[in-house]
1. For the stretch 516-541, name all the residues that are part of a loop (DSSP other than H, G, I, E, B) and within 13 Å of residue 488 (Cα to Cα).
2. Applying the selection to the stretch 551-560, what residues are modelled with pLDDT under 90 and not in a strand (DSSP E or B)?
3. Of 234, 280, which residue is touching a strand residue (DSSP E or B) at 6+ places or on another chain (Cβ under 6 Å) and outside the structural domain of residue 79 (by TED's automatic domain parsing)?
4. From the set of residues in the stretch 259-302 that are modelled with pLDDT under 95, buried (at least 24 other Cβ atoms within 10 Å of the Cβ) and in contact with a helix residue (DSSP H, G or I) (Cβ under 9 Å, 6 or more places away or on another chain), which is nearest to residue 336 (Cα to Cα)?
5. How many residues does the stretch 126-138 contain that are out of contact with any strand residue (DSSP E or B) (no Cβ under 6 Å at 6 or more places or on another chain) and either modelled with pLDDT of 95 or more or closer than 20 Å to residue 78 by Cα (or both)?
6. Need the failing condition index for residue 314 against (1) modelled with pLDDT of 95 or more; (2) in a helix (DSSP H, G or I); (3) farther than 22 Å from residue 243 by Cβ, just the number.
7. With the condition kept exactly as written, say whether any residue in the stretch 210-219 is without any contact (Cβ under 8 Å) to a residue 12 or more places away in the chain and within 18 Å of the chain's Cα centre (by Cα).
8. Whether any residue in the stretch 362-380 is out of contact with any strand residue (DSSP E or B) (no Cβ under 9 Å at 6 or more places or on another chain), in contact (Cβ under 8 Å) with a residue 24 or more places away in the chain and part of a loop (DSSP other than H, G, I, E, B) is what I want to check.
């Protein structure tokens, strides 16, 4: 296995820069940064018209932490947050870290059953929630789950359906029976509370600090449990790859309840003394363009669909984006041509690709500004410092011992500081994901070249097997994207009685463009193997997606099975 060992050692050498791991808690690290840069701007929340220096952010964080202690919350207790992006979200992230409570990120797209599941799965004692968003009334949903609120005293709720929940705090201005207003609640705290230092002295960097539910593109959400050490270090090394300094101002339109916003955004900035800029509470292209220009942002995060929306916005040319230089493209595979437009038209010459998953805090691999553009857009970079990556034989089961040769396709497995503490309350699922040697099995198919650059070619479950031929949808998507009328494309496998599976492409056309299936097949003929040309083509306005921008291919597959009346072949 010479090639396999060379493959692995290249990854470790790339990550063995002389930068030690951070062994502090998030609270201790943030306090040190606030002491170093007290008057430097830490946060701008554009839609709230709020600005905080590092000293002001520290003061408000300590007030909230003190108020949480007064409720009787303590180290290890779970506190849910059900909200889109705002300053209170960041305050809650930092305050829970100060007292060692575990922040539970709850997707704003969740409805009654999902909210009930999340709160009960991890036993949340408190919930901080926005009152409403886009015509959805969150207070009414909470009241439906906890009708006992109306007659309860805040801090002493007894609820049949949510037996662990004792306190609900809402971010609105109205008075709600049984709930506390966030503004009133934080006012009860004392930034000089002596208990804060006493609690901080008991905390450890390896304590669980955050639970993030997997996005649910497949299966039932699991609560990935992360520690101070997991996410603080990941945020730091992400910021290093972006070359962040205290002079940077990072625009963060990606959601905070997801690792992308919470770690790659908030913690990447706070570990480098940079400024966080929230353009809006959710993604809206015009507000992002306005925020970048007005706040002179130097960095911007987004999933590929967000960057496509910005580039294709009818007013894009009106905005001065010349201050941009860096940022991260992540969340799903990015078409190479989109990346080139981001570099050329948005001035993001140092934009990076990041790859990871919630269970790895999240980033395992990332490109950097030193990587040539062609290589940067064609791979997800190399492994982060202090992590190992290897490409394992996907047929080796729940072990990562059999490593494939350089350039061969296998399952990407990673090991090191970023691997999660485990799935909350689910040792069986944890053991399925993390093997006995500490390797996290990502389920992603990848290759690694002789220089250690990793390329994601698909998901193990996404791989299509047509008549014995292994086909990776990513390859077909990249080819179809070359057609000038195609704005975005996703390819899935659907059942077929003859070949086992056939390819199906969902296509979004550019505004004003026209194209039909026959013309697209003609475009493919002679350019890719016949068995790689999708048999089915569906032209759509959008793809089914999670709120974090991940395409839900399983839904596309189900839609096509229903439309085409296709039956799934039963296999052993």
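The values are calculated or read from the model by the stated rules, or taken from the named source; none is laboratory data. Model, not experiment: these values are computed from the prediction. Glycine gets a Cβ as well: all are built from the backbone with ideal geometry, and neighbour counts include every protein chain shown.
1. Within the stretch 516-541, 540, 541 meet the criteria.
2. Residues satisfying the conditions are 552, 553, 554, 555, 557, 558.
3. 234 is the lone residue from the list that is touching a strand residue (DSSP E or B) at 6+ places or on another chain (Cβ under 6 Å) and outside the structural domain of residue 79 (by TED's automatic domain parsing).
4. 302
5. 1
6. Of everything listed in (1) modelled with pLDDT of 95 or more; (2) in a helix (DSSP H, G or I); (3) farther than 22 Å from residue 243 by Cβ, residue 314 misses just condition (2).
7. yes
8. For the stretch 362-380, residues out of contact with any strand residue (DSSP E or B) (no Cβ under 9 Å at 6 or more places or on another chain), in contact (Cβ under 8 Å) with a residue 24 or more places away in the chain and part of a loop (DSSP other than H, G, I, E, B): absent.
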